[in-house]
Amino acid sequence: MFHSILFFFLIGLSAKSYAINPEKYVVNQASAENFPLASNGKAASVLVSKNDFSGVLRVTEHLKKDIFQVSDLHPKQINAISEAADYLVIIGTLGKSDIIDQLVKEGKIDANQLKGKWEKFITQIVDNPVKGVKKALVIAGSDKRGTIYGIYDLSNQIGVSPWYFWADVPVQKQSELHVLPGIHTKEEPKVKYRGIFINDEAPALSGWAFEKYGGFNAEFYDKVFELILRMKGNYLWPSMWGRMFYVNDPQNAVLADEYGIVMGTSHHEPLTRAHAEWSALGKGKWDFSTNSENLISFWKDGMKRMGNKESIVTLGMRGDGDEPMTQGTAIDLLENIVKTQRNIITEVTKKPIEETPQMWALYKEVQDYYDKGMRVPDDITLLLCDDNWGNIRKLPELDAKPRKGGYGIYYHYDYVGGPRNYKWINTNQIERTWEQMDLAYQHGVDKIWIVNVGDIKPMEFPIEFFLDMAWNPEAFNANNLEQYYTDWAKENFGNQNAEDIAQILKLYTKYNSRRKPELLNDKTYSIVNYNEAENVLQDYKNLVDKANQINNQLQPEYKDAFYQLVLFPVLASSNLNELYVATAKNQLYVNQGRASTNEYAKQVKSFFEKDSLLTHYYHTQLANGKWNHMMAQTHIGYTSWQEPKTNVIPQTKVIELPNKSEAGIAIEGSENYWTNNKQEIVLPTLNSFGNTTTYIDLFNRGLKPFDFKIDSKNEWIKFSKVNGTITEEERIVINIDWQKAPKGNFKSKIVVTANKQKFDIILNGKNVELNDVKGFVESNGIISIDAQNYSKSIHENKVQWTTIPNIGKTASGVTLKPSDFSSITISEQSPRLEYEVHFFSKGKVKVNAYFLPTINFRMGDGLKYGVSFDAEKPQIMNLNADDSERKWNKFVADNIKIITSSHTIENAGHHVLKIYGVDPALVLQKIVIETETGQLLENYLGSPESFQKK
């Protein structure tokens, strides 16, 4: 057993990891050049100056504990060089540690690598640093956080995940730990402040925190601060609904300052005062126009309390309870508030105002103030925001004058508000986060990146991605996002099944992002068109099977982490989709009188119960009950934006069946049903190149079974079953032997005899040779294309068409990168995508272009693209032509925006559809072309891709 663990660990240490460390500098092999951190039953001693920052001393203790967790060896702490052993780990901050400063003075380390740097560390081996020491491993930081990052970086290198506590990722044992020579560093971060916002924390995180720690106190925040720093973040908006970070436990702020966590307050909590503090301690109304004296006193106390602790002070004011301050846009009032707040900051700190970091959040209606001309002094950071659904609302113009305070982004992985809360499970694709945050970075947003993470769990994976990307956005691109999944799996599962785990992470977040679980219902996916609902369920079932298989293979110590990070999200999400599809079938089958109706009502109850059992296991069995309450967010039974108090089972119906047998028939593409031959039954048209199969459902409307038989005069029509007995229902799949079927258009009759009832069913088909055809081929009047499958792409010198794998609802997305370009005037040379298509018909067609719901983040009337066929003059289409609240609700709920253009096709045959790039950030996912003869059946994901003749 030990050898297999060692094998996995060796692989983990030797493999390159993109997630946390671009390269591994801790290996298992001793050499004359390497530094023996742990070897031959001995761990190197640790030396840190007692004069260094207390946070550095605290985190050094974490390192010693981590080395013990990995090696079972306790590093000895020494307090002076005179106590030194042969091998020594020296930790310190430049200018704060006399030991580090002495090494600099003696030329043993290069201070130029650290002087004046922000949060930089260097880790290197120094031979003979002092008399009596053979080698030292020196971790030196430019400042407090730089040193702390260097310490935690070494911890990660030896195999301690940032999620060792928050997701129970085990620490694998290893007896030999050796550091490679060279200077190891992550350089300076590209984004100055990088953090998370704990929000919407009841009942999950709050229930857990009160049970485990008695509340949101310093014992709780100790775990949060450590997590943030291990992921090289530095900024926190603390839990705020009913919570008072500075009041609930005065040690909260003391501990944050010790760790070097930069504290902030959310967009509507000015001058470090928590919203809940006004209810508890404030006097009068939260209204500056009528109660300024009390508000000024309240804010002054907040600044006094802040003292010299590192903070970013929120400016501005919104209404009481995260609401608009006034009806309309009261610019004069808000400008006066900001001016007053800055005077308070100057008065209390007795420092020039620009020496206190401040930010003004353009959140929701506050952006209207900015758009209508309100400006704040240049030293204030403008915190731009998304729409709470991952779509950035505003970015600086490309020619904007630089601001001393710069720009930030407030992003969301969790939200309470319209069109629906989403808090229960991770629904965030890192591909979308990358696309939007890359867009922001290219527009100069590099001062603050902060993301609303709800309860922290279960957002572990996207949180780490966000903070990794914030450190160096330039290290990420569309081509290495997939590798990030794999590297993260390796980091957290000891290199076991990493590729398969990565695939599950990639796909479950894709499937969950199609529509947030809180928005799902029995109408989401069609149960009669394109096999949509069945395909969705099969997608999830495949993940369930793969996750269960991996879980059975994993080393036992990894199973708690796997359940939290992979298995539970997959099981719970799959089950929820099954619940709603079973509900949909029950509702339809009631109307059809199917005998299976009541079975689906039972299934709905079973799936609803399973949801509660999965949650119960998470709360009571997982990690011996460590995570009780953490999955307590309700997610079933929403009727408005706000959650129900408890999960509510979907309504189902039970029917009373007659004590006889009666046959019914239903077909693909219709909710109708037939019990006799009085109405013609016509199946969807089949063809030899696209729509090759269909089905009929033969079902019982009574309690007694019946026999059935299917006849056709044409042997080239194939059936999955031609006779048998029906108790409840049977799906009969129909396909064609196209080698034997007649050429051209044909029509045939199928006769179904069931329970002495006779049904004549008409099957139409098209059997054509496609010798001279090229491109995507029209079928039943529809051509559907996944955007990445273009025939040709034309680039421009500055921009390239880029496929973002996995982004969106079905396949991938295509966009222009980099994103920092002005609108392009369409010409023969301008960038475009070309799609070869073949029509069997002519006349009017509609081109439905499926885009991610990107918001117009620039000045102007919207983001645009061009579309045309062949030599037709391109039509300029505006993605944001209708961004009314009603439409926006639909776009973000559906996670798609469909823009439709109309065209005329003069002749059947070969044509080229052209999509022209005009503006950045439009991410095209799918194109569905409807002809006059076509009927686009109701569906959620878009009709499946058409056959392509290459």
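Quick note: the coordinates plus some simple rules give every number you see, no bench work behind them. It should be emphasised that the depicted structure is a prediction, and the values quoted were computed from it without experimental measurement. Virtual Cβ from ideal backbone geometry, glycine too; neighbours counted across all protein chains shown.
Determine the principal axes of the Cα atoms in segment 663-767, then give the extent along each, sorted from largest to smallest and rounded to whole angstroms.
43, 23, 20
How many percent of Cα pairs in segment 479-558 exceed 15 Å?
64 percent
Bins of 5 Å, beginning at zero and ending with the bin holding the largest distance: percent of Cα pairs per bin for segment 322-416, please.
For segment 322-416, the pair-distance distribution reads 3, 12, 20, 23, 20, 15, 7, 2, 0.
Only loop residues by DSSP count here, and only those with at most 10 other Cβ atoms within 10 Å; note down the trypsin sites (Lys or Arg not before Pro) in segment 97-155 that meet that.
Answer by residue number: 131.
Which three extents, in whole angstrom, do the alpha-carbon atoms of segment 245-289 cover along their principal axes, largest first?
Largest first, segment 245-289 extends 38, 19, 10 Å along its Cα principal axes.
Evaluated at 37 °C with a viscosity of 0.692 mPa s, what Stokes-Einstein diffusion coefficient in µm²/s does segment 102-164 have when Rh comes from the Kirkwood expression over alpha-carbon pairs?
The diffusion coefficient I find is 261 µm²/s.
More than 17 Å apart: what percent of Cα pairs in segment 500-625 qualify?
61 percent
What is the diffusion coefficient of segment 193-478 in µm²/s, taking the Kirkwood radius over Cα pairs and the Stokes-Einstein relation at 4 °C with a viscosity of 1.567 mPa s?
The diffusion coefficient I find is 68 µm²/s.
Compute the semi-axes of the equivalent ellipsoid of segment 720-865, taking the square root of 5 times each eigenvalue of the Cα gyration tensor, and list them largest first in whole Å.
Semi-axes from the Cα gyration tensor: 46, 21, 14 Å.
Below 8 Å, C-alpha to C-alpha, sequence gap of six or more: please give me the relative contact order for segment 267-341 in percent.
Averaging sequence separation for qualifying contacts and normalising by length gives 40 percent for segment 267-341.
Calculate how steeply helix 204-213 sits against the longest principal axis of the alpha-carbon atoms of the chain, using the helix alpha-carbon long axis, and give the answer as 0 to 90 degrees to the nearest 10.
40 degrees
Return the calculated 222 nm mean residue ellipticity for the chain, to the nearest 500 deg cm²/dmol, obtained by summing -39500 (n - 2.57) across DSSP H runs with n ≥ 4 and dividing by the residue count.
It lands at -9500 deg cm²/dmol.
Using only Cα atoms, find the angle between the long axis of helix 54-71 and the longest principal axis of the chain, and express it within 0 to 90 degrees, rounded to the nearest 10.
With both axes taken from Cα atoms, the answer is about 60 degrees.
When the label point is put 7 Å from the Cα of residue 534 along its Cα-to-beta-carbon vector, which residues of segment 915-950 have a backbone N closer than 19 Å?
937-946
Sort 783, 125, 804, 296 so the one with the fewest other Cβ atoms within 10 Å of its own Cβ comes first.
296, 125, 804, 783
Restricting things to alpha carbons, find the Rg to Rh ratio for the chain using the Kirkwood radius for Rh.
Rounded to two decimals, Rg/Rh equals 1.01.
Please report the orientation-averaged projected area of segment 64-149, defined via the convex hull of its C-alpha atoms, in nm².
Its Cα hull, projected and averaged over all orientations, spans 5.6 nm².
With only alpha-carbon pairs counted, each pair once and no self-pairs, how large is the Kirkwood hydrodynamic radius of segment 2-179 in angstroms?
Computed over Cα pairs of segment 2-179, the Kirkwood hydrodynamic radius comes out at 16.4 Å.
How compact is segment 436-520 by the rule of thumb for globular proteins, expressed as Cα Rg over 2.2 N^0.38 Å?
The value comes to 1.19.
Angle check, please: helix 498-514 long axis (alpha carbons) against the longest principal axis of the chain (alpha carbons), in degrees 0 to 90, nearest 10.
70 degrees
Report the equivalent ellipsoid semi-axes for segment 775-949 in whole Å, largest first, defined as the square roots of five times the eigenvalues of the gyration tensor built from alpha carbon atoms.
24, 19, 15
Over all directions, how big on average is the projection of the convex hull of the alpha-carbon atoms in segment 884-923, in square nanometres?
The directionally averaged projection comes out at 4.7 nm².
Once you put a point 7 Å from the Cα of residue 682 and another 7 Å from the Cα of residue 482, both along the Cβ direction, what distance in nm separates them?
In this crude spin-label approximation the distance works out to 4.3 nm.
Remind me, what semi-axes does segment 78-232 give for its equivalent ellipsoid, largest first in whole Å, using sqrt of 5 times each Cα gyration tensor eigenvalue?
Computed over segment 78-232, the values are 34, 19, 14 Å.
Please tell me the relative contact order of segment 500-625 in percent, rounded to the nearest whole number, where contacts are Cα pairs under 8 Å and at least six residues apart.
With pairs under 8 Å counted, the relative contact order is 27 percent.
When 854, 693, 803 are ordered from fewest to most other Cβ atoms inside 10 Å of their Cβ, what list results?
The order, fewest Cβ neighbours first, is 693, 803, 854.
What is the diffusion coefficient of segment 210-281 in µm²/s, taking the Kirkwood radius over Cα pairs and the Stokes-Einstein relation at 20 °C with a viscosity of 1.002 mPa s?
172 µm²/s
Any idea what the alpha-carbon Rg over 2.2 N^0.38 Å comes to for segment 628-678?
Ratio of Rg to 2.2 N^0.38 Å for segment 628-678: 2.03.
What percent does the relative contact order of segment 2-179 come to when contacts are Cα pairs within less than 8 Å and at least six residues apart?
In percent, rounded to a whole number, it is 30.
Roughly speaking, what is the stretch gain from residue 823 to residue 188, that is 0.36 nm per residue apart minus the C-alpha to C-alpha distance, in nm to one decimal?
The span from residue 823 to residue 188 would gain 225.3 nm if fully extended.
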